[in-house]
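Take a look at the structure set out below.
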Amino acid sequence: MTRTAATAAAEPLLERSAELGAVTAVLAAAAAGRGGALVIEGPAGIGKTSLLDATRVRAEELGFRVLLARASPLEREYGFGVVRDLLEPVLRAAGPEERAVLLDGAAALAGRVLEPVETAPSPTFAALHGIYWLLAGLAERRALLVAVDDGHWADVPSLRALHHVAHRIADLPVLLLVTRRPGEPGGEAGELLDALAADVAATLVRPAPLSAAATATVVARVFGGPVAPAFAAACHEVCAGNPLLLGTLARSLRQAGVAPDEASTGAVHDRAPAIVAAFVLPRLRHLPRPAGAVARALSVLGPGAELRHLAAVAGLAPAVVTEAIDRLAAAELVVPGPPPAFPHPLLGQVVAERMPAAERHAAHRTAAAELAADGAPAQAVAAHLLAIPPLRDDWVVERLRDAARDALAQGAPRSAVSHLTRALAEPPSPDVRPAVLFELGAAETHLGPAAGLDRLQAALRVTTGATDRARVALRLARGLETAWELPRALAVLQRAVAETDAAPDVDPEVRLLLEAEYVGLARSRPETRADALGRLARLLPEAGPDSVAGCILLASSAAELVQEPGRAAEAVARARAALLGIGRTADGSFVTGVLYLAAPVLAAAGEIDAAFRAADAAVTEARARGALVELGAALGSRAEMGRRLGALLDAESDVRLSQDLAREAGVGAPEPLLLGSLLPVLVECGRTAAAQQELDRLGRPGPSAHVNLLAALGRLRLAQGRPAEALEALLAAGARLATRGWRHPGLLPWQTDAALAAHALGRHDQAGELAGEALRTARRHGADVALGIALRTTAQLAGDPAGLAEAAQVLAATPARLEHARALVELGAALRRSNRRADARGPLRQGQDLAARCGAGALVAQAGEELAATGARPRTVRCTGPEALSVSERRVARLAAEGLANRDIAQALFVTVKTVEVHLSACYRKLGITSRAELPGVLG
Ligand SMILES: Nc1ncnc2c1ncn2[C@@H]1O[C@H](COP(=O)(O)OP(=O)(O)OP(=O)(O)O)[C@@H](O)[C@H]1O
Ligand SMILES: [Mg+2]
């Protein structure tokens, strides 16, 4: 949509030297690579657009590339309308090759915004991220001025994008300029604009009203000669220094033949009311009828209107419209274009407001039909439909649904929600209403974890066809799962499955998906377990890794099999088969439905490396697709597997990134699950206070807390010397696992920690029983890591060096490095206590080195104390290695070691290139290296 520059300041601006000084300063800073935001704020007509135009001219003189969009009231609900106005001209001018370069990498996510395609809805953050990178890419070539006029009319997704960009341009040659009328609009758009203006890094310019002297100058300009001071003073009084009102008033006075002398001051006051309307409307009335009709059509269609659309809306032949535009232009009411536009949006507003409502509604309806017939984007069509009252028109409902679909595909769920809300109010015919309710509920689920659920519930109540009902139930259940409302999710699935059982003609794919989802959840609840397992057995033969349903079934079956001693190999084979689905099925539920089940199976069976690689592949895949909900969830899984490998810092970095995603984009792995991985990591690192803080933030885990979190809480309490609470949490975790039929000791080794807690409480019998049970189960399942841990615990309780040596030997053969280290340190400690000091030193040193490589500060310190007690000379454990890196530094270093360029690292981590550079140089310093080629070697 092109727009004519509405106001070109032909005359130099008066009294704007301070403002222009600020403009020059921010432009110079941006040109030097220190980008920022400039917000020009003030009431209608104060001169915002004029300042923007002046800025644009200066920027062009300084060699900036200028992207300009002028928002219009019609576009408020047009998702990413402003962003599109900004970017489309660049991409159109770019040619295919340059376009491909610009849309490379993360910027491709912006492509979805610019070219509506049929894709799964992506969360807004992906789109924002893509837009940022597209701008960053442009700024690499030439400094950039991104200017948005009339920001108060911009659509919310675009404002979010600007907001997102504003926080990431401090190191880029980009100046973001937005003009706005303060206090307009309300709601989220207003908040985003407020936040933009209030940002510390933003420069706020508020053009002041013109002084009496400047007012006199303007009036003199209009009258083309001297004016009486009293006359100018009256104008100043009436217009209070507002240049727009002043110009309009002065021109209308002159046209009315009023002389600018002292005697005419009364006329100034008389004419003051409704100056604008008085200026515009009479002149319109004096023109031939078609001119009025065309002006009204233009006010409805907005700037950039095509001739044929004007003709249709005005009900006139194109030739008549052309002539009318000429007349309007001659009267200075319209800038002829093409495309034609009002010289100032206020004129369009006055014309629209004075239009009889019935005519205005009919005009919007015709405009919508015209645009739709032209194949215009659905949201452009819908913009007109949102301006007319509900009329029970199914065509309107369909267009609004189309627009909502596009908005979702572009990551603008809020726009989708407004469109569908309006569609529901139409109201749709009874047979369409359930579908609209469903779509609205589904769109709302993108707004937050618990959003849309009531609506989906309502949709389910009125949906009739068996296949449709199954679809709605599935969506509702997934929403409930995301909101961590598992019992409710299960209830929904249970009912839906019973219904589809009774309905033979349900779409087979939908049926399978529903059943798989049900099986995945129902397996772990005592009341539904038998039914779920029966279905699993029946469906498994059909299951393959080519569909999400197939993967869920394979993973569920793997999770069941691994519980049975002697069947680990089969379980592993199925888990691996399920994980083959990564990347083949672009379905939002893959990670939570499949990876969360299959990866622990692999890990329990001793294949922690494979589990880590699967999670890693899911991370890479989700990142490439910009699927951020899945990325957050996959990071959670990789963190847990990293922790089990003993890669504590990597695990923490994954959890942190997942938490950042949740904060920034409202998506991510469920917090209790993340903390289940994070707390033990922090405890191992010796940061129990930090762990406690994380826990406080979440609130006390209730009785239905996730088992991993309960086990993590147990470990924290143990480290804090609160064994009674530790034991309570660990036994609760154990009980929960039992009700779910989880018996494999490698899934969550809670018994060994519980044994240590009981021991600390002096309950030696209970401790012995727990440890003994852990040992027996581990042996029965042939689970090496669990066996090593159980051997270590049993021997630790008994102070038995031989048992600890055996534990260390078993663990040395597994990928669980940290557990190996722990066994060695305990072995050393036991030897020391039995007065074999010299023998103790070897395992203590080896354990300490291994612990240091894991980043396990607590164990390093423990080993250090033991070593001191053996009389060994104190030694400094290397702290300049990878362990010395901060979490963010390590994250950057790891990607750099993988061969990613700084720009790619920045894209992957949602930070700026500058941040990557800063982190990398810190890494080099701490690691004592000078180039990235050395990174893989030192990171290990
Ligand atoms: N400093 C100035 N000196 C003289 N004339 C000015 C000055 N600033 C603005 N004007 C004139 O006032 C009129 C309105 O200015 P402009 O369109 O920039 O206002 P605006 O703040 O953008 O209004 P709106 O909120 O309606 O968009 C224009 O005709 C412009 O030429
Ligand atoms: Mg303006």
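Values as computed for the structure displayed
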{"read-out": "Boolean, residue 821 is surrounded by fewer than 22 Cβ atoms within 10 Å (Cβ to Cβ), touching a residue at least 40 places away in the same chain (Cβ under 8 Å) and not charged (D, E, K, R)", "value": "no"}
{"read-out": "Qualifying positions in region 788-813 - in contact (Cβ under 8 Å) with a residue 40 or more places away in the chain and open to solvent by 20 Å² or more (accessible area, probe 1.4 Å)", "value": "796, 797"}
{"read-out": "Of all residues making up region 176-203, the number that are more than 16 Å from ligand 1 (Cβ to nearest atom), modelled with pLDDT under 85 and either not assigned by TED's automatic domain parsing to the domain that holds residue 70 or not in a helix (DSSP H, G or I) (or both)", "value": "4"}
{"read-out": "Any hit, region 533-546, residues being surrounded by fewer than 23 Cβ atoms within 10 Å (Cβ to Cβ), within 30 Å of the chain's Cα centre (by Cα) and free of Cβ contacts under 8 Å to residues at least 60 places away in the same chain", "value": "yes"}
{"read-out": "Test: residue in region 462-473 that is open to solvent by 10 Å² or more (accessible area, probe 1.4 Å), assigned to a helix (DSSP H, G or I), farther than 28 Å from residue 412 by Cα and of a type in the set (A, V, I, L, M)", "value": "yes"}
{"read-out": "Qualifying residue in region 32-46 (condition: part of a helix (DSSP H, G or I) and either within 16 Å of ligand 2 (Cβ to nearest atom) or under 19 Å from residue 151 (Cβ atoms) (or both))", "value": "no"}
{"read-out": "Condition met for residue 334 (on the phi < 0 side of the Ramachandran plot and within 16 Å of ligand 1 (Cβ to nearest atom))", "value": "yes"}
{"read-out": "Residue selected from region 47-73 under the condition without any contact (Cβ under 8 Å) to a residue 60 or more places away in the chain and under 29 Å from residue 249 (Cβ atoms), by the criterion nearest to ligand 2 (Cβ to nearest atom)", "value": "53"}
{"read-out": "Test: residue 93 is open to solvent by 50 Å² or more (accessible area, probe 1.4 Å), away from ligand 2 (no atom under 16 Å from the Cβ), at pLDDT 80 or above and hydrophobic (A, V, I, L, M, F, W, C)", "value": "yes"}
{"read-out": "Selected residue [small (Gly, Ala, Ser), at pLDDT 85 or above and more than 29 Å from the chain's Cα centre (by Cα)] from 429, 418", "value": "429"}
{"read-out": "Residue among 561, 580, 540, 514 that is farther than 17 Å from residue 481 by Cβ and either touching a strand residue (DSSP E or B) at 6+ places or on another chain (Cβ under 7 Å) or modelled with pLDDT of 90 or more (or both)", "value": "561"}
{"read-out": "Residue list for region 142-159, restricted to those being closer than 16 Å to residue 36 by Cα and more than 13 Å from ligand 2 (Cβ to nearest atom)", "value": "142, 143, 144, 145, 146, 159"}
{"read-out": "Residue that is modelled with the highest pLDDT, among those in region 651-691 that are of a type in the set (S, T, N, Q) and in contact with a Gly (Cβ under 8 Å, 6 or more places away or on another chain)", "value": "677"}
{"read-out": "Helices (runs of 4 or more DSSP H) wholly inside region 259-329 that include at least 3 residues being at pLDDT 80 or above and small (Gly, Ala, Ser)", "value": "289-301, 307-314"}
{"read-out": "Verdict on residue 56 being open to solvent by 30 Å² or more (accessible area, probe 1.4 Å), within 16 Å of ligand 1 (Cβ to nearest atom), at pLDDT 85 or above and more than 30 Å from residue 413 (Cβ to Cβ)", "value": "yes"}
{"read-out": "Checklist (1) surrounded by 17 or more Cβ atoms within 10 Å (Cβ to Cβ); (2) part of a loop (DSSP other than H, G, I, E, B); (3) modelled with pLDDT of 80 or more applied to residue 877, failing item", "value": "(3)"}
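Okay, residues lined up against (1) over 30 Å from residue 265 (Cβ atoms); (2) touching a residue at least 12 places away in the same chain (Cβ under 8 Å); (3) within 16 Å of ligand 2 (Cβ to nearest atom):
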| residue | (1), (2), (3) |
| --- | --- |
| 163 | yes, yes, no |
| 170 | yes, yes, no |
| 173 | yes, yes, no |
| 179 | yes, yes, yes |
| 195 | yes, yes, no |
| 205 | yes, yes, yes |
| 223 | no, yes, no |
| 228 | no, yes, no |
| 242 | no, yes, yes |
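Results for (1) of a type in the set (Val, Ile, Thr); (2) open to solvent by less than 10 Å² (accessible area, probe 1.4 Å); (3) modelled with pLDDT of 80 or more, shown as yes or no for each residue.
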{"site": "66", "(1), (2), (3)": "yes, no, yes"}
{"site": "76", "(1), (2), (3)": "no, no, no"}
{"site": "101", "(1), (2), (3)": "yes, no, no"}
{"site": "105", "(1), (2), (3)": "no, no, no"}
{"site": "124", "(1), (2), (3)": "yes, no, no"}
{"site": "150", "(1), (2), (3)": "no, no, yes"}
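Matching residues to (1) among the aliphatic types (A, V, I, L, M); (2) touching a residue at least 24 places away in the same chain (Cβ under 8 Å):
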| site | (1), (2) |
| --- | --- |
| 446 | no, yes |
| 455 | no, no |
| 467 | no, yes |
| 486 | yes, yes |
| 495 | no, no |
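Matching residues to (1) without any contact (Cβ under 8 Å) to a residue 40 or more places away in the chain; (2) surrounded by 19 or more Cβ atoms within 10 Å (Cβ to Cβ); (3) at positive phi:
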site: 363; (1), (2), (3): no, yes, no
site: 367; (1), (2), (3): no, yes, no
site: 372; (1), (2), (3): yes, yes, no
site: 379; (1), (2), (3): no, yes, no
site: 383; (1), (2), (3): no, yes, no
site: 387; (1), (2), (3): no, yes, no
site: 391; (1), (2), (3): yes, no, no
site: 396; (1), (2), (3): yes, yes, no
site: 401; (1), (2), (3): yes, yes, no
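The values are calculated or read from the model by the stated rules, or taken from the named source; none is laboratory data. Quick caveat, the model's predicted, so the values are computed rather than measured. Don't worry about glycine lacking a Cβ; one is built from the backbone with ideal geometry, like all the others, and counts go over all protein chains shown. All accessible areas refer to the heavy atoms of the entire protein, side chains included, with ligands and DNA or RNA removed. Shrake-Rupley method; radii C 1.70, N 1.55, O 1.52, S 1.80 Å.
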